[in-house]
Amino acid sequence: YLLDKSDKYDSRDVERLQQDDKWVENYLIWRHDVVDDTLKMIDESFQWRKEYSVNDLTESVLPKWLFENGALFLHGYDKEGYKLFWFKVKHHIRDPKQQLEKKKLVAFWLEHYAKRDHGKPLTVVFDMAETGISHIDLDFVRFIVNCFTDYYPNFLTKIVIFEMPWIMNAAFKIVKGWLGPDAISMLKFTNKSDVQEYISGEYLPPHMGGTDSFKYSYPPLVDDDFQTPLCENGPITSEDEHESKEEIDADTKETGELNEEQNLNQKKMNSIEQISKSEETDKTEIKPKNAKKALTTFKGPLLHISPAEELYFGSKETGEKKCLIVLTNVTKNIVAFKVRTTAPEKYRVKPSNSSCEPGTSLDIIVSLHGGFSASLQDRFLIMAAEMDQSSGAGVPELTQFWKEVPRTKVMEHRLRCHVVESSKPSSLTLKDNTFNIPAKTNEDLHMQVIMYSFLTRLLQINIRLQEQIDRCLWFQQLSVVLSLLSVTVVAFCFYL
C-alpha cells in the first residue's frame, strides 16, 4: 500500500501506525482480526484523513458559525461512562453548499476527542425532537455513520436515537443498510420514557426528561465542565466537620492498624511546602517498593502522571474512599499544576493548586467526603504549565500565573473514575494500606496478559459464532417462507 499510494497518505498517520499498537489493535478488533479487511480499512481511512486534512483541523480553519450553530458537540456521559457526541438534528438544515464544511466539523470533533482522550469510545445521540422533512439529510447522516464504521475503528459504543418522527422511518431503514450487522445492534430507538436506560437524567436536557441545565454556547469549546474541588487546600476527609460518625470511626480504626506508618501517611497528605528534605528521602525510598508494576503511567511533556487513566474507588460496601495521584516533573523548570473535577461537591483534592520542582515527584490525595460515592461519570482534569525559575511558587504567584499563561502552553490530562465492588483495584488507594502491599511479580503480570489475550480471543470467537447463528436463522426463515409459498402455489394449482 505504501509503495503504491504513499502520496495519498499523511506521513504523520503512517508514523503513528508504526508506533501506536493500540491504534493497530483497534483496526484489527473492528475487522475481527481479518488482516486483509483491516489493511483495506486502514487504506481507506488514511486516504480520507488526508483528503479532509484531519491532522490540521483546528478552530481557526473552520467557519465560526459552524461552532455557534450548536448542531454538533461533546457533552456528558452515558451510564457506562462513555462520552456523548450530540447531533441536534433540528439545528441542521440541508444545504449542499455547506456540506463539506459541516463534514469537516464532524471530523474536527472526532479527532479533537480522539487525541484528547486517547481514542476512548463514544456514544452518539441523535436528538430528533422538533424535527421535520427539512432536517432530513441522508448524505450527512451517512457521513457520520461512515466515520465510525470506516474511519475511526472501535470508536462507537451505541447510537441513541431520541424521538424519531414516523416520517423518517423509511429514511432510517436505508441507514440500517449502511451500518452492517455489527453496528445495527448498536442502534437504540428511544423516547422520553426509556432513554434513561442508556443515559442518566443528570446528562439529559429537560425536553428529554432529564435535569441537565447545560446550554450550548460558543466560545469556548464545550468541555467536561471541570470545576475546582471543594476545600481545595483544606483538611482531608477525616477532618471534615460534616463527615458521618461511621467514617470517623473507620478512619480511626485504620489509623490504629497503621501504627508506625501513621506519621508517614500524614506527611504525604501535607502540601508540598510542608514536606521537609528528610520526608522527600523517605518518599523516594518507599515509592519503588510500593508502586505496583501493573500501574500504568501517562508520560506527558511536562509531567508523568500515575495512574494513567483511572482512579479506583470502592462502593459504599467496600469503603475505599481515597486515591493517590503521583506527579513527576520531567522538565528542568518548575511546573505549576492544578486539579479540577466534574463533581466538585463529592471530592477533596490536596493539593489541588501547587507546583512541582524539577526532577521531583509529588503525591496528590483525592478523597470522597460525606456520604458520597464515586461514579463512572466523574472525571478529573490535571492542568500543568512550565514556570520561569525566577517566578515564586506561592498562592498569589500561582493565581497570577494561571491568569496569564497562554492556553497553548498548558498540558491537560484527564482521569476517569472506576468503582470497584469487591476485588482490590490495581491502583494506588490509601484505604488498601498501599505502603504494605507487595508489588505483583512479573509472573503474575504475564499470566494476566495471557488470560486477557485468551478472553479477548474467546470473545471474538463468540462474536463469529453469533454471526453464523444469525445467518443460519436467516436462511431458516427464508426456507420457511419459500416452503409456505410453494405449498400455497400447489394448493392453488390443485384448486384450479
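The values are calculated or read from the model by the stated rules, or taken from the named source; none is laboratory data. Just so we're clear, the structure is a prediction, and the values are computed from it rather than from any experiment. Heads up, the Cβs are rebuilt from the backbone with ideal geometry, glycines too, and the neighbour counts pull from every protein chain shown. Surface areas here come from the heavy atoms of the whole protein model, side chains and all, with no ligands, DNA or RNA. Shrake-Rupley method; radii C 1.70, N 1.55, O 1.52, S 1.80 Å.
Taking residue 84, is it aliphatic (A, V, I, L, M) and in contact (Cβ under 8 Å) with a residue 24 or more places away in the chain? Show your work before the answer.
Details: aliphatic (A, V, I, L, M): yes; in contact (Cβ under 8 Å) with a residue 24 or more places away in the chain: yes.
It is true that residue 84 is aliphatic (A, V, I, L, M) and in contact (Cβ under 8 Å) with a residue 24 or more places away in the chain.
Is it true that residue 35 is open to solvent by 80 Å² or more (accessible area, probe 1.4 Å), of a type in the set (Val, Ile, Thr) and closer than 19 Å to residue 5 by Cβ?
Yes; evaluated as a whole, the condition is true for this residue.
Which condition number in (1) open to solvent by less than 10 Å² (accessible area, probe 1.4 Å); (2) closer than 22 Å to residue 161 by Cα; (3) modelled with pLDDT of 90 or more is the one that residue 13 fails?
(2)
Taking residue 150 and the conditions (1) without any contact (Cβ under 8 Å) to a residue 24 or more places away in the chain; (2) assigned by the TED database to the domain that holds residue 164, which numbered condition does it fall short on, given that it satisfies the others?
Answer for residue 150: the failing condition is (1).
Determine whether residue 34 is within 28 Å of residue 464 (Cα to Cα) and of a type in the set (Val, Ile, Thr). I'd like the intermediate steps shown before the answer.
On the way: within 28 Å of residue 464 (Cα to Cα): yes; of a type in the set (Val, Ile, Thr): yes.
Criteria met by residue 34.
Tell me yes or no: at least one residue of region 125-146 is touching a Ser or Thr at 6+ places or on another chain (Cβ under 8 Å) and in contact (Cβ under 8 Å) with a residue 40 or more places away in the chain.
Taking region 125-146 as the starting set, the residues that turn out to be touching a Ser or Thr at 6+ places or on another chain (Cβ under 8 Å) are none.
Scanning region 125-146 turns up no residue that is touching a Ser or Thr at 6+ places or on another chain (Cβ under 8 Å) and in contact (Cβ under 8 Å) with a residue 40 or more places away in the chain.
Can you tell me which condition residue 152 does not meet? The list is (1) within 30 Å of residue 24 (Cβ to Cβ); (2) open to solvent by 20 Å² or more (accessible area, probe 1.4 Å); (3) of a type outside the set (Val, Ile, Thr), and all the others hold.
Going through the list (1) within 30 Å of residue 24 (Cβ to Cβ); (2) open to solvent by 20 Å² or more (accessible area, probe 1.4 Å); (3) of a type outside the set (Val, Ile, Thr), residue 152 breaks only (2).
Which one of 40, 5 is open to solvent by 50 Å² or more (accessible area, probe 1.4 Å), of a type in the set (Lys, Arg) and modelled with pLDDT of 90 or more?
Numbers: 5 fails: modelled with pLDDT of 90 or more.
Exactly one of 40, 5 is open to solvent by 50 Å² or more (accessible area, probe 1.4 Å), of a type in the set (Lys, Arg) and modelled with pLDDT of 90 or more, namely 40.
Considering only region 194-213, how many residues are more than 19 Å from the chain's Cα centre (by Cα) and either at pLDDT below 85 or of a type in the set (S, T, N, Q) (or both)?
Result for region 194-213: 3.
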